[in-house]
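Taking it in order: structure first as structure tokens, then the write-up.
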Amino acid sequence: MSANTRSLENTMLKTRLKSMLRNSLPTLAMIALIPIWELVCWLFEVPEFILPRPSAIAEAFVAVEPQRWLLHLGATLYIALAGFALSILISLPLAVLLVRSEFLNKTLFPILVVIQSTPIIAIAPLLIVIMGTGDAPRLTITCLITFFPLVVSATTGMLSTPEELIELSRSLRGGAIREIWQIRLPYAIPHIFSGLKVGITLAVIGAVIAEFVAAEQGLGYFVQFSTSYFKIPQAFAALFFLSIVSLMLFKAVRWTQKIWFGWSLQKSS
Amino acid sequence: MKNYVEFIDVGHEYTLADGQRMRALSPINFNIQRHEFVSVVGPSGCGKSTLLRLLSGLIQPTEGEVRIFDKPVTEPQDEVGIVFQKPTLLPWKNVLDNVLFPLRHKFGRVLPADKQRASQLLEMAGLGSYQQHMPGELSGGMQQRVGIVRALLLSPDILILDEPFSALDALTREEMGFELLRICREQKKTVLFITHSISEAVLLSDRVVVLGGRPGELVDNIEIDLPGQRDNSTLQHPDFAAYTRTIRNYICAPHKTGEQEKTGESAKTDEPRKAVSPHKGAA
Amino acid sequence: MKRPFRLKSLLLTGAFALISQATLAADKVTFQLDWLPGGDKASIYAGIDQGYFADEGIEVKISQGRGSTDAISKIATGSADVGFADLVALLVARANDQVPVKAVYSVFSEAPHAFFTVKGNGINSVSDVAGKKIATSPFTSSNIFLPLLLDLNKVDQDSISLVKADPGSLAPMLLTGNTDVVISWITDAEKYRSQAAKAGKELTVMPWYDAGLKFYATSVIASERFLQQRPDVARRFIRAYNRAVEFTWAHPQQAAEAVHKQVPEVDVDVAVATINSIRSLVYNDASASAGLGNFDHQRLADTWKSTAIAQKLDPASFDPETAISREPKLAAE
Ligand SMILES: Nc1ncnc2c1ncn2[C@@H]1O[C@H](COP(=O)(O)OP(=O)(O)O)[C@@H](O)[C@H]1O
Ligand SMILES: [Mg+2]
């Protein structure tokens, strides 16, 4: 009996270890890459301004005081998150309008596509001139970059609601607002979350682009500053920091979905 | 004899996105009487779901008139509950909340008494211990049961079911059929049951309306006169086989024999054809 | 007995308040940089650090920029009052669009454009670039003056091959031998030099002002609105800034530390080296004869003429004097 339970525990442990290994595989792969990278740089004497060694990047990272990192991180996070939140506040009602009205869908959607295909980085300096040097242009740039996948995913999600549910709603005469609020929007949640996952990484990119154009703080600004002083390892350190932040935000969106909208994950699995 | 539902020369044409009109249903006549269980059978695309939409008031017929309780149907009615082919439960709500959904959707709120009633209905459908489960955790059959309970919540007199068991395996399907029958008898429902399974239609119904063709037209309207309570033994009854064969002949080879032309004529009247001795038909 | 005493002290405090009113309710001025902070912008940071602006009752807020045109448009739209910009960019902007911005103080009275190359390339003067590969960034104003420079030095334009690349990639291109010459600004020489040193190479800098291109470059510019509505503040600002310039090149170390104090990302060493290496842009024959910060009429006319020719504009179509306001400076004297 006890031998039996022990072997059961063993297999359970084994599967858990296996899944842990599988989950940490990407991280392990990245970690494994570091010594190879270091070795290649050392063997071929790759100049620092072309590809700095991981050790040089690490050194550059440590050389910057933690408060400075936090300051830049805070600035970028603020713009990325506030811009992202704003983008959600704009996109969801917009998606509802697009779903509800054939007319708006025909007139508004092409405009959205035009905005989306405009290289935001090209109009960013204009935005600064128009909106001044405060947070407004930075938030606008972040919003412009993130809103499209959100609108599209929310619209697609709401339109993918089974026709039967819409008929049920109409047979109950529940009204347009309840149709959106109680059926279409929740049904779009899985889609909206895939949009959010794309959106959050785009928000970071948006914040960085905005910082390239006008900023005195932020990781994007710091990257630009470092390259303008040819401090390539420092620029790389900032880039790594940036991608880790991006990854964390992405995970945060996933956790949010898992905790509050766990049901929406079942579909994919 | 009171007609709860009347289809009077009802035909329907859909208007397509490009403005073209597409006929889905040729004008037909038939009635459903009080507490009667009527099935509609016919091949795919003959307008069965269109019938459901017409009766539930989701669409207006382009010809004729649909009447419920002697009043024309001009908008969705409270007297009608609908069960769809797919359970279409809300994946973010548990079973109990799914059943309560029509109330929440119609009135925006749910009272404790409603919850009690929903629980009772679930209990009756054998789902008492699954109230807190999420739809994803239930089998297809159980999900469809929840769908039926949801349709019963607002206590409609008339229940329309559109191929409710077509996604289920054969065994579950039969079992669910009898279960539905029991519920409908208990709750005294008048039922329009849409299916493309002939045996299912014969097994459960008091009457079978056969649709055929594209656009759909009424091929026959057969009273099913099988003795006793419907259960597994009904399947063994010789008349059962005869009825199914008759209907299968309509559907598999329509408008071929003289007899079918005659039935086509009889279909134009709203008087259901009295059992044309299925024994003879079988012979 | 107590009461009058108290009153007296109150009056006294009031008087003090009046005297120190300038510092209490300082005039706020937003200063727009034309690029990121660094040693070449040390003067404004030093002025703040040394309290020169505070002495004049001015509180300066620095706003970073991304190029001269960026700075000019921000000042034109009112996001900033005063700032740095290349005079050439201002002349073009005024000639084309009549932007309401004027130059009030000349910081670099020689243009910072230069050829950078590495020792051993056989290039020792501007005329040696004939037949070479030259890399430049796409948007620098230097590009406009290149044909003029080549003409002046009798270099056949068709003999050179000009490639355009992102500013950040110019130094690597030069050091890896992907290009023979790079067009850059003397203000960046220090950054190139330290990169070159890391690659075991030595940088050669050939300023274009040594090869015949003589004109004004970085200047302090101000919006016309600021000059009209707050002429007194403008006057005091220029007075303080002039002191800041003198301090910066007299005490490069302290000036560089001032930058670092306000922008920790800037290294003191690099900033000191930069300040030293661009001294000739500030202190030269032109500024010696006209006076530090002043625009000489003839040199200004020459600057516009070169610009107009390079930009294919009619030199007579615009009077460069209209782009300059001499008032604040004159008042300061
Ligand atoms: N909303 C609609 N618009 C246009 N045509 C439709 C629509 N719904 C159904 N049809 C057409 O009407 C015909 C009957 O459809 P339906 O009533 O769904 O048939 P069944 O349920 O018997 O398969 C089919 O040819 C179908 O293509
Ligand atoms: Mg159908």
Original post:
For the subset of region B:103-142 comprising residues that are within 14 Å of chain A (Cβ to nearest Cβ) and hydrophobic (A, V, I, L, M, F, W, C), which member is most open to solvent (accessible area, probe 1.4 Å)?
Top reply: B:107
Original post:
Of the conditions (1) away from ligand 2 (no atom under 16 Å from the Cβ); (2) within 28 Å of residue A:176 (Cα to Cα); (3) in the same structural domain as residue B:184 (by TED's automatic domain parsing), residue B:34 fails just one. Which one is it?
Top reply: (2)
**OP:** Determine which member of the set B:75, B:63 is of a type in the set (Asp, Glu) and more than 11 Å from chain A (Cβ to nearest Cβ).
**Re:** B:63
Subject >> Hey, residue A:238 assigned to a helix (DSSP H, G or I) and within 14 Å of chain C (Cβ to nearest Cβ) or not >> reply: yes
Original post:
Tell me, which residue of region A:128-148 that is surrounded by fewer than 20 Cβ atoms within 10 Å (Cβ to Cβ) and not β-branched (Val, Ile, Thr) is modelled with the lowest pLDDT?
Top reply: A:132
Original post:
Quick check, is residue B:66 assigned to a strand (DSSP E or B) and closer than 30 Å to residue B:229 by Cβ?
Top reply: no
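Select the helices (runs of 4 or more DSSP H) contained entirely in region C:253-333, then report the ones holding at least 2 residues which are of a type outside the set (Ser, Thr, Tyr) and assigned by TED's automatic domain parsing to the domain that holds residue C:93.
C:268-277, C:279-282, C:285-290, C:297-310
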Subject >> In region A:54-85, the residues that are of a type outside the set (Gly, Ala, Ser), under 30 Å from residue A:161 (Cα atoms) and open to solvent by less than 70 Å² (accessible area, probe 1.4 Å) >> reply: A:84
**OP:** Return a yes/no flag: does region B:100-108 have any residue that is aromatic (Phe, Trp, Tyr), under 20 Å from residue A:163 (Cα atoms) and more than 16 Å from ligand 1 (Cβ to nearest atom).
**Re:** yes
Original post:
Since residue A:124 meets every condition but one in (1) farther than 30 Å from residue C:197 by Cβ; (2) open to solvent by 40 Å² or more (accessible area, probe 1.4 Å); (3) assigned to a helix (DSSP H, G or I), which condition does it not meet?
Top reply: (2)
Subject >> Residue list for region B:51-83, restricted to those being within 16 Å of ligand 2 (Cβ to nearest atom), open to solvent by 10 Å² or more (accessible area, probe 1.4 Å) and touching a His at 6+ places or on another chain (Cβ under 9 Å) >> reply: B:53, B:59
Subject >> Any chance residue B:165 is closer than 28 Å to residue B:151 by Cα and either surrounded by 23 or more Cβ atoms within 10 Å (Cβ to Cβ) or touching a residue at least 12 places away in the same chain (Cβ under 8 Å) (or both) >> reply: yes
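For the condition surrounded by fewer than 21 Cβ atoms within 10 Å (Cβ to Cβ) and within 16 Å of ligand 1 (Cβ to nearest atom), what is the one hit in B:227, B:238, B:215?
Of the residues listed, the single one that is surrounded by fewer than 21 Cβ atoms within 10 Å (Cβ to Cβ) and within 16 Å of ligand 1 (Cβ to nearest atom) is B:215.
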**OP:** Find all pairs meeting these conditions: Cβ atoms under 6 angstrom apart; at least six residues apart or on different chains; first residue within region B:36-58 and within 16 Å of residue B:5 (Cα to Cα); second residue of a type in the set (D, E, K, R) and within 12 Å of ligand 1 (Cβ to nearest atom).
**Re:** B:40/B:48; B:52/B:162; B:58/A:167
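Go through region C:161-237 and tell me which strands (runs of 3 or more DSSP E), entirely inside it, have 3 or more residues that are away from chain A (no Cβ under 14 Å) and either surrounded by fewer than 21 Cβ atoms within 10 Å (Cβ to Cβ) or at pLDDT below 95 (or both).
Counting at least 3 such residues, we get C:161-164, C:203-207.
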Original post:
Has region C:75-94 got any residue that is surrounded by fewer than 20 Cβ atoms within 10 Å (Cβ to Cβ), more than 14 Å from chain A (Cβ to nearest Cβ) and of a type outside the set (A, V, I, L, M, F, W, C)?
Top reply: no
Original post:
Looking at region B:78-102, which of the residues that are outside any loop (DSSP other than H, G, I, E, B) and more than 9 Å from every other protein chain (Cβ to nearest Cβ) is nearest to the chain's Cα centre (by Cα)?
Top reply: B:83
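The values are calculated or read from the model by the stated rules, or taken from the named source; none is laboratory data. Keep in mind that what you see is a predicted model, and the values were worked out from it rather than measured. With ideal geometry, Cβ positions are generated from the backbone for all residues, glycine too; neighbour counts draw on all protein chains shown. Surface areas here come from the heavy atoms of the whole protein model, side chains and all, with no ligands, DNA or RNA. Shrake-Rupley method; radii C 1.70, N 1.55, O 1.52, S 1.80 Å.
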